[in-house]
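Q: A single structure is presented below for examination.
Since every read-out is calculated from the coordinates, none of them should be taken as a lab result. For clarity, every value in this text was computed on a predicted model and none was experimentally measured. Ideal geometry is used to build each Cβ from the backbone, glycine not excepted, and the neighbour counts take in all protein chains shown.
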Amino acid sequence: MKNFTSLSEIQESIQSGSVSCVSLVEYYLERIEKHKDLNIYVDVFADEALLRAQNIDKKIQTGSAGKLAGMVIAIKDNICFEGHKVSAASKILEGFESLYNATVVERLLNEDAIIIGRVNCDEFAMGSANETSTYGPVKNPCNPKTVAGGSSGGSAAAVAADLCQVALGSDTGGSIRQPAAFCGVVGMKPTYARVSRYGLIAYASSFDQIGPLSKSIEDAALITEIIAGKDSNDSTSSSEPVASFSKSPVSSEKKKIAYLKEYIESPGLDPEIKQNFLKLIDELKAEGHAVEEQTFSYLDVIVPSYYVLTTAEASSNLARFDGAHYGYRSPNAKDIESTYKLSRTEGFGDEVKRRIMLGTFVLSSGYYDAYYTKAQQVRRLIQDRTEEIFNDYDFILMPTTPSTAFELGVKNEDPTVVYLEDIYTVHANLAGLPAISLPLWNSSQNMPIGVQLMASSFKEDDLFAFSKLLMNTSR
Ligand code: GLN
């Protein structure tokens, strides 16, 4: 079986009779088994996926199949799929089964996608290396000694290793884009509120967004188009109309693109990534685009404000995991208080506990104004300055990550070192804007390097069109 870049190639092969949904599912099941050592899937829905494939093959014959017929998808282990386990890679949700479908799952199934399994991630999506998972780390298919990135490490690795066609991830501070960059795939975070969060296990609700990881822009656009749009089950979801993103042509106009001085001059940026980035700027200028440097003086406060706000929201969101309502309950619990204390102590991992404590601290009376309120004010400044840039420019271009995938285990000692991995990705979440990571280059060590393109609110169509141009031109 060929490693298909996009669903349209698959559907052509289905039409010509060279593949079927069943043969595709069999192919992926075989590959999932063969690459078990990468620790990507935590659950494979083999029988069910095969059965569904048979049905969709019949529908294709009668001409009644949906838009996603032939699309085999993996979902991150924090997205609910009715009747299937979901754990957010945490012991505290051990044995828990989804009672309903996330809206994104419902919409994918309505278009005849096949969900083949759920994939590993950081515990409650907190992490940048997939090393906080209760299932252990995901290994990067490009070099198994290195991390796959996080928190949607399983989603990125599944696409990179061709263990599915597309995967869903979630992005609170870079969790789609950063692993996409580390594994060499496309990763798209839609505008905040573009995609319903109903059925996504919450981390930080004013930041979280679901989005696709894929091999092509075409597939990312198609999945975004299908999962986006108003949902009565999520009152924060936007009713902004959803264009046919998958039909957006390759951008042909000359664009105005900003890049941020402080981001490029940051001492943490790998020289090789910087070199590729600067070369791209020159190429774009040579192609006639207006590419200009802008200042953005908040780089130093971007990561701290992100961690104050997201931990605050997480401490409140994760209060519901108390040993009484969901999943794990400590066998040593004797009364209500010890049920809470022991279940949470034994059920949560270290990073999650650290964030709950930090979040509780920044929200506590006496410290609230000094931390939480201040971080909210910083968020506003970041949003205002970003909007100001978008008054004059179509896109902001930046690296996705300061480095390529690092070795497993090396950044375990000091959590703040890992937090700095998010330096270029949290911007889009703080500002609520759409951003995409594109696998444009490889390093001298042959590891993928991503570039990140950010657009103004609800401009996903422009983002896809220009991404196609960036990916089409050989760089
Ligand atoms: N690495 C970031 C964090 O740990 C982002 C996580 C995410 O986007 N879910 O918070």
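Q: What's the number of the only condition in (1) out of contact with any helix residue (DSSP H, G or I) (no Cβ under 6 Å at 6 or more places or on another chain); (2) crowded, with 24+ Cβ neighbours inside 10 Å that Ser444 fails to meet?
A: (2)
Q: Identify, by number, the condition in (1) touching a residue at least 24 places away in the same chain (Cβ under 8 Å); (2) in a loop (DSSP other than H, G, I, E, B); (3) away from the ligand (no atom under 16 Å from the Cβ) that Leu99 doesn't meet.
A: Of the numbered conditions (1) touching a residue at least 24 places away in the same chain (Cβ under 8 Å); (2) in a loop (DSSP other than H, G, I, E, B); (3) away from the ligand (no atom under 16 Å from the Cβ), the odd one out for Leu99 is (1).
Q: Among the numbered criteria (1) farther than 27 Å from Ile436 by Cα; (2) surrounded by fewer than 17 Cβ atoms within 10 Å (Cβ to Cβ); (3) touching a helix residue (DSSP H, G or I) at 6+ places or on another chain (Cβ under 8 Å), which single criterion is violated by Gly359?
A: Gly359 satisfies every listed condition except (2).
Q: A further question on this structure: Hey, could you check segment 320-354 for residues that are hydroxyl-bearing (Ser, Thr, Tyr) and touching a helix residue (DSSP H, G or I) at 6+ places or on another chain (Cβ under 9 Å) and say which is surrounded by the fewest Cβ atoms within 10 Å (Cβ to Cβ)?
A: Of all residues in segment 320-354, those hydroxyl-bearing (Ser, Thr, Tyr) come to 326, 328, 330, 338-340, 343, 345.
Filter again for touching a helix residue (DSSP H, G or I) at 6+ places or on another chain (Cβ under 9 Å), leaving 326, 328, 330, 343, 345.
On the way: Tyr326: 18, Tyr328: 21, Ser330: 17, Ser343: 24, Thr345: 13.
Applying the filter and picking the extreme gives Thr345.
Q: Across segment 124-178, what is the number of residues that are more than 8 Å from the ligand (Cβ to nearest atom), of a type in the set (Asp, Glu) and farther than 14 Å from Ala405 by Cα?
A: At the first step, the residues of segment 124-178 found to be more than 8 Å from the ligand (Cβ to nearest atom) are 124, 129-149, 153-169, 177.
Pick out the ones that are also of a type in the set (Asp, Glu) and you get 131, 162.
Remaining after also requiring farther than 14 Å from Ala405 by Cα: 162.
Going through segment 124-178 one residue at a time, the tally reaches 1.
Q: Now a separate question. If a residue counts only when it is touching a Lys or Arg at 6+ places or on another chain (Cβ under 9 Å) and within 16 Å of the ligand (Cβ to nearest atom), which helices (runs of 4 or more DSSP H) contained entirely in segment 248-325 have at least 1 such residues? It would help to see each step written out before you state the result.
A: Working: elements: 261-265, 271-286, 299-317.
So the answer is 299-317.
Q: If Thr5 satisfies all but one of (1) under 22 Å from Ile223 (Cα atoms); (2) part of a loop (DSSP other than H, G, I, E, B); (3) without any contact (Cβ under 8 Å) to a residue 40 or more places away in the chain, what's the number of the condition it fails?
A: (3)
Q: Tell me the residue from Ser23, Ser18, Ser64 that is outside any loop (DSSP other than H, G, I, E, B) and under 26 Å from Ser216 (Cα atoms), please. Show your work before the answer.
A: Numbers: Ser18 fails: outside any loop (DSSP other than H, G, I, E, B); Ser64 fails: outside any loop (DSSP other than H, G, I, E, B).
The unique qualifying residue is Ser23.
Q: Something else now. Contact list please: Cβ distance under 9 Å, first residue in segment 333-355 and within 20 Å of Ser87 (Cβ to Cβ), second residue of a type in the set (Lys, Arg) and outside any helix (DSSP H, G or I), pairs at least six apart or on different chains.
A: Thr339/Arg329; Leu342/Arg329; Leu342/Lys334; Ser343/Arg329; Gly347/Arg329
Q: Moving on. When residues of segment 181-205 are filtered for being within 12 Å of the ligand (Cβ to nearest atom) and under 8 Å from the mean Cα position of the chain (by Cα), how many remain?
A: Residues meeting the conditions: 2.
Q: Wholly within segment 370-445, which helices (runs of 4 or more DSSP H) include no fewer than the required count, namely at least 1 residues that are closer than 20 Å to Asp300 by Cβ, of a type outside the set (A, V, I, L, M, F, W, C) and away from the ligand (no atom under 16 Å from the Cβ)? If you could, list the steps in order and put the result at the bottom.
A: Working: elements: 374-392, 415-419, 426-431.
Passing ranges, in order: 374-392.
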